[in-house]
Amino acid sequence: MGLEAEFLEHLRLARRLSRHTVRAYGGDLERFAAFLGGEGRLLPAPDILTIRKYLAHLHSNGYEKSSTARALACLRTFYEFQLRLARIESNPFKRVRTPKPDRKLPNFLDEEEVRRLIEASSGDGVGAARDRALLETIYGGGLRVSEAAGLDLGDVHRDGGYALVRGKGNKERVAPLGSSALAAIEEYLPPRAELLGALGRETDALFVNKNGTRLDVRSVRRIVLKAARAAGLGKRITPHTLRHSFATHLLDRGADLRSVQELLGHEHLGTTQIYTHVTTHRLKEVYDRTHPRAR
């Protein structure tokens, strides 16, 4: 087994990283190996000058700080793995500072735009019912696209009003679903069962395509884009836009940051704090209403 394959297997089995992360790290390691002249050049570990040249190479090729930070995380992990196997004496990437990524404000929809987006999936067929349920579920639970696509029928506890979702690192969390999402799922289930019956198929997947198999992440993105176009929303909208909107609307209506962190499944509070920009308007309203010299 080659060094790259061995490392990726370690990430999957020992570190239990998501398929997306393993795939991204695989690409990062492959690019670094190509820069060095092939996989066989990965060992012995490169010196600091070589690492600096590689970072300059990434910069000249238009890499954003976030992509460079991920590449460094990959290589730091790779050489730490080699160090544990006693193939090298030290990890040179521990001496390299990770660039601090520029924080971009999340793109989100206002409440009226969310309503238009969901209502754009009109019609009586199984596809329309599925699309409405999918959009309501992503927005209602603040789900990542992979979490929505990965939902099984048994994950949705309709009596309790929540879904069990598997997030990053295969961590499980409870995602409350509102009445609108639950109603849309209830409306979708009969045509879903009818479709599967006609196809003679069985599946645990909640959201299925016309062939009766699980919707993949790309299909979910296409459904969101199709609804955005039908709603006439003139902005770039992805499933993550609905997740951003979920967090924004909760904070805007008075939810505390810690609760939103739990609902989103963020490991660190700092990740959630980017949404606090939306509270400015609400705080100004509170100030205007309560401070004796506000007016």
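The values are calculated or read from the model by the stated rules, or taken from the named source; none is laboratory data. Since the structure is predicted, the reported quantities are computational estimates derived from the model, not experimental observations. So basically every Cβ, Gly included, is an ideal-geometry build from the backbone, and we count neighbours across all protein chains shown.
Some values worked out for this structure:
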{"read-out": "E172 vs. criteria farther than 12 Å from T137 by Cα, in contact with a strand residue (DSSP E or B) (Cβ under 6 Å, 6 or more places away or on another chain) and not hydroxyl-bearing (S, T, Y)", "value": "yes"}
{"read-out": "Enumerated helices (runs of 4 or more DSSP H) restricted to segment 68-173, each holding at least 1 residues that are small (G, A, S)", "value": "126-141, 145-149"}
{"read-out": "Condition check for L233: outside any helix (DSSP H, G or I), over 14 Å from the mean Cα position of the chain (by Cα) and surrounded by 14 or more Cβ atoms within 10 Å (Cβ to Cβ)", "value": "yes"}
{"read-out": "Residue in segment 92-114 that is surrounded by the most Cβ atoms within 10 Å (Cβ to Cβ), counting only those that are modelled with pLDDT under 90 and within 19 Å of the chain's Cα centre (by Cα)", "value": "F108"}
{"read-out": "Residues of segment 56-87 that turn out to be surrounded by 16 or more Cβ atoms within 10 Å (Cβ to Cβ) and in contact (Cβ under 8 Å) with a residue 12 or more places away in the chain, as a count", "value": "14"}
{"read-out": "Any pair with Cβ under 7 angstrom, 6 or more apart, that starts in segment 213-229 at a residue that is assigned by TED's automatic domain parsing to the domain that holds L196 and farther than 20 Å from H20 by Cβ and ends at one that is of a type in the set (S, T, Y) and at pLDDT below 95", "value": "A227/S121"}
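To keep it simple, each residue is scored yes or no on (1) farther than 14 Å from G150 by Cα; (2) modelled with pLDDT under 95.
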{"residue": "R173", "(1), (2)": "no, yes"}
{"residue": "L182", "(1), (2)": "yes, no"}
{"residue": "T203", "(1), (2)": "no, no"}
{"residue": "V224", "(1), (2)": "yes, no"}
{"residue": "G234", "(1), (2)": "yes, yes"}
